[in-house]
1. Could you tell me whether Lys137 is within 26 Å of the chain's Cα centre (by Cα), at pLDDT 90 or above, part of a loop (DSSP other than H, G, I, E, B) and not β-branched (Val, Ile, Thr)?
2. Can you confirm whether segment 239-249 contains a residue that is in contact with a Phe, Trp or Tyr (Cβ under 7 Å, 6 or more places away or on another chain), without any contact (Cβ under 8 Å) to a residue 24 or more places away in the chain and buried (at least 17 other Cβ atoms within 10 Å of the Cβ)?
3. Just checking, how many residues over segment 250-269 are at pLDDT below 95 and either among the hydrophobic types (A, V, I, L, M, F, W, C) or open to solvent by less than 20 Å² (accessible area, probe 1.4 Å) (or both)?
4. Listed residues Ala304, Ala227, Ala203; which is among the small types (Gly, Ala, Ser), crowded, with 20+ Cβ neighbours inside 10 Å and at pLDDT below 95?
5. Just need a number here: residues in segment 182-239 that are touching a helix residue (DSSP H, G or I) at 6+ places or on another chain (Cβ under 8 Å), in a helix (DSSP H, G or I) and of a type outside the set (S, T, N, Q).
6. Any idea which residue in segment 157-181 is modelled with the lowest pLDDT, counting only those that are assigned to a strand (DSSP E or B), out of contact with any helix residue (DSSP H, G or I) (no Cβ under 7 Å at 6 or more places or on another chain) and surrounded by 17 or more Cβ atoms within 10 Å (Cβ to Cβ)?
7. Of the residues that make up segment 281-288, is at least one over 21 Å from Gly179 (Cα atoms) and open to solvent by 60 Å² or more (accessible area, probe 1.4 Å)?
8. Please enumerate the residues belonging to segment 136-156 that are touching an Asp or Glu at 6+ places or on another chain (Cβ under 6 Å) and either open to solvent by 60 Å² or more (accessible area, probe 1.4 Å) or under 17 Å from Ser359 (Cα atoms) (or both).
Amino acid sequence: MMIICLLLASSITHVLAFSSNLNQAQSYSPHLGARLVTGRLSTKLNNDTDETRRSILSQTLLSTSLLIPSFANAASVPVQRAVGSGEKRCREEGNCLETFELDGAVGWNWGGTERCDASDPNCGPDGRVREEPLVGKPVPDLGSFEITHVIDLTLNIGSGSNAYIETLKMGLYGNNCPGLVKEMVDMCGKGGLVTSKNLLLGAPVRIGGYGALTYIKPDERLEFGVASQKVAYAKSIRKAKAPDEFVPQPRPSGERLELARSESSARQHDAAGLISVPKEGIGYGTFLSGSDDEAYSNAFQITAAAAPDMDKAGRKVIGQLLDAKSMDALARLAGCPTRKLLPTQTGGSPLFKMAVDESAVIAKSDLAPKE
């Protein structure tokens, strides 16, 4: 509604400015600079001005209306988030235009008095409280895959008295894609991921204690990473800002990169609960930012449903969730509300903090009984 109002205001301003110019033309000749005294010419300019005003304003309103979906079907526009009582009522009655509830008419829902508390595990992405808690999908079939490493990822959801814990138990297919799994184990382990030891002042990239759930595509996937290495380092030394000489770990390169490129996905993205990394490995999730500081902001994803588009993008499955509790937690996290800048946006960052408190890696060989 704000955008439409700005468009209307801008257009009307142009109309008034245009009218003002014409009025000036009634008083002064552009060529002679002398005052016009001919009544007939003045009357004609007045008539032309009125016609021009009406023409421009009608065209403006017509073009602006094209930005709004058919109001006859306004009530059928999919709701992305819960809205206030006015927008909700007009959408149900199908009269948003008549009542001038333009937010409800175009489906731009920016929250409202009826939106549930985002920190409530039963608060859905549409801003409404679910009648029943979400239940996870079945644990992915392990088949012939062998789990070589187990990672316990502990998330602290929300803050203050409303905070709660969710834990995801992940198993990795180290025999199928050893290079990609090593990157994951390093990043999730206590030592952290190191791609260069020749930094004047650097630090390993660790998701435990410094990472977060950074993106949610509701009911489809979760994305985890370290948003900024500088911020993470500042946190580790308990400072507000990292020193100027701090240098972030660069993306993997050389033999490490070539190994990651050469490995194939262990399986297709055909179920919920699969661990997926970028085509060229951790650190190459996006090229929107060339900064090494943000290279690991989207390190890996977990599917909340089958995702054939991830296969088309060349992403690689390197593991899976291992138990029903983790699958239930996945369903709850994938159903959380997100920040949306546009009504057509299908995903976004979580509405509230989802920090990775701990990340513990256990190699299967360490669990084997000692003889």
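The values are calculated or read from the model by the stated rules, or taken from the named source; none is laboratory data. This is a predicted model, so every value here is computed, not measured. FYI the Cβ positions are ideal-geometry reconstructions off the backbone, even for glycines, and counts take in every protein chain you see. The area values use the complete protein model at the heavy-atom level, side chains included, leaving out ligands, DNA and RNA. Shrake-Rupley method; radii C 1.70, N 1.55, O 1.52, S 1.80 Å.
1. Numbers: within 26 Å of the chain's Cα centre (by Cα): yes; at pLDDT 90 or above: yes; part of a loop (DSSP other than H, G, I, E, B): yes; not β-branched (Val, Ile, Thr): yes.
So Lys137 fits the description; yes.
2. Yes, segment 239-249 has at least one match.
3. Residues that pass the stated criteria total 4.
4. Working: Ala304 fails: at pLDDT below 95; Ala227 fails: crowded, with 20+ Cβ neighbours inside 10 Å.
Testing whether each residue is among the small types (Gly, Ala, Ser), crowded, with 20+ Cβ neighbours inside 10 Å and at pLDDT below 95 leaves just Ala203.
5. 2
6. Of all residues in segment 157-181, those assigned to a strand (DSSP E or B) come to 157, 164-172.
Filter once more, keeping what is out of contact with any helix residue (DSSP H, G or I) (no Cβ under 7 Å at 6 or more places or on another chain): 157, 164-165, 170-171.
If we keep only those that are surrounded by 17 or more Cβ atoms within 10 Å (Cβ to Cβ) as well, we get 157, 170-171.
Details: Ile157: 91, Met170: 97, Gly171: 97.
Applying the filter and picking the extreme gives Ile157.
7. Within segment 281-288, one or more residues are over 21 Å from Gly179 (Cα atoms) and open to solvent by 60 Å² or more (accessible area, probe 1.4 Å).
8. If the condition is that a residue be touching an Asp or Glu at 6+ places or on another chain (Cβ under 6 Å) and either open to solvent by 60 Å² or more (accessible area, probe 1.4 Å) or under 17 Å from Ser359 (Cα atoms) (or both), then Thr154, Leu155, Asn156 are the ones that fit.
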